[in-house]
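Rule-based calculations on the coordinates, nothing more; no lab input. Only a predicted model underlies this, so the values are computations on that prediction, with no experimental measurement involved. All Cβ positions, glycine included, derive from the backbone under ideal geometry; neighbour counts span all protein chains shown.
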Ligand SMILES: [Zn+2]
């Protein structure tokens, strides 16, 4: 089963043009943030996590850390306590992307996170590099 999936992936990758830079292939949806009372709702949170191909829980934890607030997820939305504008959230998503998604060696987003003992690594599917991202 897993082998089939890998074959499919290999095929998908081999169809990609060789010279396409990360900018051509990778775009993160812009965070859509609305103020509801004293809370801020990231309406397209699920969409962002999906585009980044990361665990929504991991992304949520990061956002809560950066904003130093509490929050909950509800389906594809994320609710934060306090007022945060879209620009703030977009910046945080960008920091997250650079740290946990983009390969520091080749600059591509074709990565996944691997845990090895207590450390987390960013494993790149494009160039094979494995970069430490600390205790994530
Ligand atoms: Zn790479």
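Key figures for this structure:
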{"read-out": "Percent RCO, i.e. relative contact order, over segment 64-136, from Cα pairs under 8 Å lying at least 6 residues apart", "value": "18"}
{"read-out": "Exposure proxy ranking, count of Cβ atoms within 10 Å, fewest first, for 70, 130, 118", "value": "118, 70, 130"}
{"read-out": "Residue-span extension gain [residue 72 to residue 90] - 0.36 nm each, minus C-alpha spacing", "value": "4.7 nm"}
